[in-house]
1. Just one of (1) out of contact with any strand residue (DSSP E or B) (no Cβ under 9 Å at 6 or more places or on another chain); (2) surrounded by fewer than 21 Cβ atoms within 10 Å (Cβ to Cβ); (3) more than 21 Å from B:SER640 (Cβ to Cβ) trips up A:ARG272, so point out which.
2. List the pairs whose first member sits in segment B:641-656 and is closer than 24 Å to A:GLN348 by Cα and within 14 Å of chain A (Cβ to nearest Cβ), whose second member is in a helix (DSSP H, G or I) and among the polar types (S, T, N, Q), and whose Cβ atoms are under 7 Å apart, counting only residues at least 6 apart or on separate chains?
3. Restricting the search to segment B:126-148, which residues are under 16 Å from B:LEU47 (Cβ atoms) and in contact (Cβ under 8 Å) with a residue 24 or more places away in the chain?
4. Any idea which residue in segment A:313-333 is farthest from the chain's Cα centre (by Cα), counting only those that are part of a helix (DSSP H, G or I) and under 19 Å from A:ARG287 (Cβ atoms)?
5. Can we say B:GLY556 is among the small types (Gly, Ala, Ser), modelled with pLDDT under 85, surrounded by 16 or more Cβ atoms within 10 Å (Cβ to Cβ) and not assigned by TED's automatic domain parsing to the domain that holds B:LEU663?
6. Filter segment A:293-313 for residues that are acidic (Asp, Glu) and surrounded by 24 or more Cβ atoms within 10 Å (Cβ to Cβ) and give the result.
7. Which residues, taken from segment B:620-635, are of a type outside the set (Gly, Ala, Ser) and more than 9 Å from every other protein chain (Cβ to nearest Cβ)?
Amino acid sequence: MSTEILADSAIEPKAEQISQAPESDQDLAQSIDVLKRLSNSVKSRVLGRDDVIELAIIALIADGHVLLEDFPGSGKTTLAKALGEAIVSEDDAAEESADKEIVPFRRIQFTPDLLPSDVTGVPVFDTNTNAFHFRHGPLFAHVVLADEINRTSPKVQSAMLEAMGEKQVTVDNVTYRLDDLFFVIATQNPLDLVGTYPLPTPQLDRFLFKITMDHIDRDAELGVLDTYRERRDKTLAPVTVTRNEVLEARRNIEQAVNIHPAIKECLVDISRNLRTDDRVLQGNSTRSMVLMLPALQVAAALKGRSFVSADDIELLLPRVLGHRVEMAPGVTEIDRVLRDCMRPPMEQLARSTLD
Amino acid sequence: MKENTATVQAHYLPSALRALIIASAFWALSLSLTILSGSVAAIAGSLIACLAVDRWANAEPIKQVRTSTIVAAAAALLLLNYAAVGLVTRSDILASMLSPIVAFELGEALNWFGLCLAATTVLRSLAQRTSFGGVLEILFVATAFVVTLSAHRNGMIHRPFFIGDYALIRGIDPATILMAFGCLAVIALSALLMAENNQRRLPYHFAILGLLCFSLAGFVRFFGLPTPGMTDDLGLTGQEIAGNSQQKENPFRDGENTAEDKEAPVAVVVFRDDYEPLNGSYYFRESAYSQFNGVMLDYTSRGDMDRDLIESFTNTELTAEVLPQAMDQRKTVRTTVGMLVPHRNPFGLVSPATYINAANPNNLRFKRTYDTLSYAPTYDFEYMLGRELGRDDWSDELRNKYLELPSDPRYRELAESLIANLRPVYADDPFAKAWAIKTYLDENGIYSLKNDHAYETDPAASFLFGDLTGYCMHFSFAATYMFRSIGIPARVGIGYSVPASNRAGGSALLVQAVHGHAWPEIYFKDIGWVIVDPAPQQTLVDMSTDPQNELQQLLGDMLRDDASFADFMEQQQSGLIDLQTLLNIVYGLLVAAMVLGYSIRSYRYFAPSVYGPEQQYRLAYRAALDQLAGVGVIRHYGESRERFAARAAATSPTIEPATATHLARSLGASDGDSTTTDWKTIRRAIAKEIGQNTPRWRRALAFCNPYSWLFTR
């Protein structure tokens, strides 16, 4: 049997409880190296999107998913593909046959007539063996690009979101476990909304980040035009990281990057400010704060730091909370509301370092 | 193009006009308070401030500054200016380099320039930026004109003096100038109102202005001009012209203009011993005309005449060389005199014998205070009957001096005709003769301040043999000449005569200008100088005055230096803190605040070297931030430390790694590995970089600011 069947969806603890100071420092250095290699690899193939690449990598390591709001032809697929191809499965480590079904990268184009089974896979009757054989859907990959996720029916969306939330798919009452590194980059067009099924807020909550991309700047665009041929012909990225390296980095960073109590206080205060603000209809959930902590750690590690600082909050908070906070009717400037609510706790945090 | 010039005119014309009006308001205010240089500086200061505020208050850099900041800056400027003026006027260097006068003028000019600059800046800024400012401005201009003109009340055409004097010297009617001044004020106010370009409010403003003027005119029409209030805090309206008439060349030429201010207080006398005069008046002798100088009687120039008078003030004690006689018929009375206007000689209750200088309880009010010991007469008429004349130790020459008179024979003729009617019993009695002469003057003389005798060679003769109309000088001179013509030694006593009723039961007696008096005196052997004062029964002048009992009481208390007086003054001054004290407190607070600021600053600077290495990350970093804050590199509110460090790197690149180290220590896992960081080197590097990257003035400013550390966040 190729897949592991789980009766219930208990997720076993991933991290071993071994941490001695010098060792964790070393591990952290290694993990940072992995992150650097990964981001360099992707950056060499996607030009002018360094900020988005970093956020995507943060989400990847922090075990979250990304929703991109973007226009067609802005390099989403290139980004997702580059990220997926930069991670290779180690052949010797992946002796299980299941892993052979896991490919680095899949792209699903969502349309209104798509069915859940098109995404998850279906059991197919094999006449040779006289048995049903599960054919894996596109979800069984490291990196999945879910293009125009708001164009498909809520049924498919919910199947997709279950996969994202639980890292498993259930077909015919059989649950199939997805890869540990399962990472979704979903996109939606913010303008062309005719015939779409907009994602409701609770479903948006599954995404760690919602990133609104702007057009890349002039020099980067020129660079893209100058080098598109070389990059197209290059079949493999020169630098790759293995799946296990990524998973180890995930564990190490969670262990080694320190989150000072003042940082947590700052986060909680910002949430409380948001919830009491008149311009906000519904504030962010506690879960969003919990999800944010690993992302903050990864962001810090990506900067080469062993501690989370205010800079990381400034970078991630708008991306994490932007789609989780529901504004009061008529209020459109969410960035401004966030800024206003962030300022006093951030000031408090900055002052706390001198006390 | 045409439109453009029109808007320029619309902008600059009212602006210049307004500046002119405000400057003239300051000028009017300054006129009575300062000298020419101060007035010119006042005009210059307000003009500059007005034009500058109009030009720049709403232009870009100043637009950002808050109105309260501008007001505070103006106040600071005022204080600074006050200090600078003190420096100019009080320092000896400037005065000796230029001259005291130039230094004074410079100080005055600086004072008014700063005052007007600051005041106008505040007024104009408020008018530009607030809704009530325009009203304040108009109110100020109105007040300036009103204050200037308020001295002109009750038809006192010569007040204020600077207008009255100017006009009178040039033969112009001051009323014309005052009218012009008032019209100018109204025009200025109207122009200010018009400059306020709010079309809807304008008619209301003019309506109210017109209503005010009309009601003012109506008030004056029906109720007349208001009576002048007291001109100073104690209600003394008098001028110093009263009381020292003896300084005039010709005693007959005063009294022509004493009609006004006749109630002016001249002195206050406190009786330490009880004494009631027999003839109903207290006489205070100051001096005497006794020597005939060929034209009329004058002060004696001889050492042996009038030795009973005390001719000068001293700081100790002075006793007359000759004391009166008949001590058993006199009462020793001690009085305290407080002079409110300067006198040439001390005066005292007849007959003053000893002068004792007394401590002045109030230098502002009393010109001089002293005690006198007087031997006040208690004898009656009968006591003087049958007395001989003259004093034993007088030489014949001296006695003759007291008998000299003009060579006009009519005096003797008249005197002899008067005493011819005496009863035989008294025919040879000197007192009876004198009384006869006095009685003649009492019955026939007419008291009047207006007379035609002043410019005659002998006014007394002109009076006595003419219309018999005159005042005390004429009566006393005429009587004295007649006494002398029949061999009675006499002189004219000068001083004050106050009705005894004015004392009103109290111990204080107010001497007013109207009480100035001259009277004939006769020397009786073994008694002394005896007053024989003619009192004309007909009078053309109402000499009755308000005795001003309250003032009398108040001045008496003041002179006695009683607690009640202290209470009174306290009452007047309670709630008013002395400006100087206030300034001192402000300066003291400023100095204390500076000392406090500098000591906190130096504590923060030196704290890293005091504490151990595990505190360095915090204290040394704070000290580095203090240094940056001094030169104006300050973290914004809500800005993260990294962002600030990236910004501050333009000034000092070292701050970036320093911030990273600091954050790693304060936010990272507390495993103390960053204690090895050499914070001293970092701070030195930051100080050096700041020195390289900031202008010198910025660093000087940082050094001067004791509170720069407040900006460190």
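1. Here A:ARG272 clears every test but (3).
2. Filtered contacts from segment B:641-656: B:ARG641/B:THR659; B:GLU642/B:THR659; B:ALA645/B:THR659.
3. B:GLU137, B:PHE140, B:VAL141, B:ALA144
4. So the residue we want is A:ILE313.
5. yes
6. Just the residues of segment A:293-313 that are acidic (Asp, Glu), to begin with: A:311-312.
The answer is A:ASP312, and nothing else.
7. Within segment B:620-635, B:ASP626, B:GLN627, B:LEU628, B:VAL631, B:VAL633, B:ILE634 meet the criteria.
Residues checked against (1) small (Gly, Ala, Ser); (2) over 19 Å from the mean Cα position of the chain (by Cα); (3) closer than 29 Å to A:GLU69 by Cβ; (4) not assigned by TED's automatic domain parsing to the domain that holds A:LEU68:
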site: A:ASP205; (1), (2), (3), (4): no, no, yes, no
site: A:LEU225; (1), (2), (3), (4): no, yes, yes, no
site: A:TYR228; (1), (2), (3), (4): no, yes, yes, no
site: A:ALA262; (1), (2), (3), (4): yes, yes, no, yes
site: A:VAL268; (1), (2), (3), (4): no, yes, yes, yes
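The values are calculated or read from the model by the stated rules, or taken from the named source; none is laboratory data. Here the structure is a predicted model, which means the values were calculated and not measured. As a convention, Cβ positions derive from the backbone with ideal geometry for all residues, glycine included, and neighbour counts pool all protein chains shown.
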